[in-house]
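Working notes, structure below.
Since every read-out is calculated from the coordinates, none of them should be taken as a lab result. From a predicted model like this one, the values you see are computed outputs, not experimental measurements. We place every Cβ from the backbone using ideal geometry, glycine too, and count neighbours over all the protein chains shown.
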Amino acid sequence: MEIVDYRPEHAGAFRALNEAWIAKYFTLEPKDREVLADPQGTIIDKGGRIFMALEGDEAVGCVALLKLADGGFEIAKMTVREGLRGSGLGRALLEKCFEAAVEAGAPRLYLETNSVLGPALSLYRSMGFKQLNRVRDPARDYARVDIWMERALP
């Protein structure tokens with residue numbers, strides 16, 4: 001298993017991995033469709049990064065870092081193929097995000113999630129994320145978001 005930087009040939013796998021987990025628990029929203037249709041333009045060209053977890057030539061996980069106005073990054077579109085959940089791959093993807101963010105001099109990592117995603121919440125908390133007190137903004141937030149978290153970086 002290796003974690004690599006996104007390349008254009010990963011676009012289909014990035015979309016498929018994310019559509020699968022979102023559709024399982026929630027509904028794909030217009031904002032999802034926009035990002036998944038053009039990860040290069042919506043994430044990378046705006047100063048973000050995407051990491052793909054590969055098992056041989058097959059993409060089995062992914063995560064995106066969206067550049068924030070304050071120099072921090074939002075962790076987004078993180079998923080691991082269903083049969084590999086609980087294997088430590090999600091933790092490895094998050095560790096890659098930490099490394100990249102620290103290397104970029106980011107002051108923080110931020111994420112948005114949902115309370116039904118218990119294993120993900122446990123992972124985030126175990127890696128130092130703290131819950132923020134926020135109220136959902138329908139004009140900005142995904143409908144599925146009910147938890148906001150942040151971790152300061154050195």
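Just a few scattered comments:
- Here each label is just a point 7 Å from Cα along the line to Cβ, and for L28 and D146 those points are 2.4 nm apart.
- Rounded to the nearest 20, the Cβ-based charge dipole of the chain about its Cα centre (Lys and Arg +1, Asp and Glu -1) stands at 500 debye.
- For peptides 72-80, 32-40, 1-9, 107-115, sequence by mean Cβ density within 10 Å, most packed first: 72-80, 107-115, 32-40, 1-9
- Alpha-carbon centroids, the stretch 24-40 and the stretch 127-147: separation in whole Å: 17
- Projecting the Cα positions of Q40, Q131, P107 onto the charge dipole of the stretch 29-136 (unit charges on Cβ atoms of Lys, Arg, Asp and Glu, taken about the Cα centre) puts Q131 furthest along the positive direction.
- Each Cα pair under 8 Å and six or more residues apart adds its separation to the average, and for the stretch 2-152 the resulting relative contact order is 19 percent.
- Only DSSP H runs of four or more residues enter the estimate; each adds -39500 (n - 2.57), and after division by the residues of the chain the mean residue ellipticity at 222 nm equals -10000 deg cm²/dmol.
- Within-14-Å neighbourhood charge of A69 [Cβ basis; K, R +1; D, E -1]: +2
- Ranked for footprinting exposure by Cβ neighbours inside 10 Å, fewest first, Y124, Y25 give Y25, Y124.
- For the chain, the tally of Lys pairs with Cα-Cα distances below 20 Å comes to 13, considering only residues 8 or more apart or on different chains.
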